Amino acid sequence: MTQRIGLFADLHSNLEAFEACMSKAQELGVTRMVFLGDLVGYNADPAAIIDRIGDLVESKKAIALLGNHDEAVFKDCQNQMNASANAAIQWTKSQLNEGHVQFLKNLPLIVNEEKFCFVHASAHNPAEWNYVTDSMSAWRCAQSSGKSYTFVGHAHEQALFYQSAVGKLIRFAPHPGDEIPVLQHRQWVGVVGSLGQPRDGNPEACFAVFEPESELITFHRTPYDHFAAADKVRQAGLPEDLANRLITGK
C-alpha cells in the first residue's frame with residue numbers, strides 16, 4: 001500500500017474544520033496522520049479535539065506534537081501571547097480535565113525519523129517557537145533538522161521551501177490540489193498551513209498530503225461550516241476577533 005501521510009497543524013480547537021479535514025483525508029486515502037501542534041487555543045472545542053486525536057494516537061494511526069498554545073495550558077506563557085490568545089487559553093484550561101492536560105504535557109516537541117522531521121514551529125531551537133516564513137528561517141530549520149523533508153506549522157499559511165543548486169532555500173507558493181514533485185536529493189521545508197484558523201484571506205481549512213515513495217506533496221484547502229465554528233466561539237464568551245478570524249480567514 002502506498003503511504004500517504006496527512007499533515008495537519010494549528011487545529012486550535014476547531015471541531016468543524018477538523019471533521020471536514022478528516023473526511024477529506026479519508027477520501028484521499030491517507031494512511032497515517034501527523035498533527036504538528038497547537039491542538040488547542042482560540043476556538044471552542046478543545047476537549048473534543050484532544051479526545052479525537054488521543055484516540056488516533058492510541059490506535060497508532062497518528063502522532064501528535066506539542067505547539068506553543070498546547071504548552072500554554074500547563075506553563076505560564078502569558079507574556080508571549082496577545083490578549084485574545086491569553087483569554088482563549090484561560091478559557092481552554094477551564095474546559096479540560098486532568099487527562100487532557102496530561103496528554104498535552106506528554107506531546108513531543110520534535111519527532112525525527114529516517115528522512116523526515118516533524119515539528120510545530122522550526123527545527124532550529126524548537127522550544128523558542130520561531131516562525132518559518134522566509135528563506136533564511138527555512139534554511140536554519142532545514143540545517144537544524146538535517147533531513148530531506150521537514151514539516152512545520154505555526155505560521156498559519158501554506159508554503160513550500162526548496163533547496164536551490166547553491167544551497168539557498170527558495171519559497172514556493174503551492175496551489176491547492178496540485179501534486180508537487182519533492183525529490184529527496186534536495187532539502188524541503190513544508191509549511192502546511194492552519195486547519196483551525198487560516199490567515200491568508202481564505203477561511204477554508206488547510207492541510208497537506210505527503211507521499212514519500214512517490215516523492216510528491218499536495219497542499220489542500222477544505223471548506224467547512226466556519227460560521228458554525230464562529231458562533232461557538234461567541235457562545236463560549238471568547239473574544240469577538242477570534243470569531244471574526246474564522247469568517248474572514250484573516
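Here are the numbers for this structure:
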item: Residue 88 vs. criteria among the hydrophobic types (A, V, I, L, M, F, W, C), assigned to a helix (DSSP H, G or I), crowded, with 16+ Cβ neighbours inside 10 Å and at negative phi; result: yes
item: Residue pairs meeting the criteria (Cβ under 8 Å; at least 6 apart or on separate chains; first farther than 20 Å from residue 88 by Cβ, in the range 46-72; second assigned to a helix (DSSP H, G or I)); result: 54/103; 62/53; 62/56; 63/57
item: Spans of strands (runs of 3 or more DSSP E) in the range 138-179 with at least 3 residues farther than 14 Å from residue 217 by Cβ; result: 169-172
item: The range 77-105 residues that are at pLDDT below 95, paired with ones that are assigned to a helix (DSSP H, G or I) and surrounded by 12 or more Cβ atoms within 10 Å (Cβ to Cβ) (beta carbon under 6 Å, 6 or more apart); result: 78/86
item: Of the criteria (1) surrounded by fewer than 17 Cβ atoms within 10 Å (Cβ to Cβ); (2) of a type in the set (A, V, I, L, M); (3) under 21 Å from residue 242 (Cβ atoms), which one residue 155 fails; result: (1)
item: Among (1) surrounded by fewer than 21 Cβ atoms within 10 Å (Cβ to Cβ); (2) touching a residue at least 24 places away in the same chain (Cβ under 8 Å), the one test that residue 244 misses; result: (2)
item: Members of the range 193-238 found to be more than 28 Å from residue 183 (Cα to Cα), in contact (Cβ under 8 Å) with a residue 24 or more places away in the chain, outside any loop (DSSP other than H, G, I, E, B) and not β-branched (Val, Ile, Thr), listed by number; result: 226, 228, 229, 232, 235
item: Residue tally, condition modelled with pLDDT under 95 and buried (at least 24 other Cβ atoms within 10 Å of the Cβ), over the range 174-221; result: 0
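The values are calculated or read from the model by the stated rules, or taken from the named source; none is laboratory data. Since the structure is predicted, the reported quantities are computational estimates derived from the model, not experimental observations. When we count neighbours, we look across all protein chains shown, and the Cβ atoms used for this are built from the backbone with ideal geometry, even at glycine.
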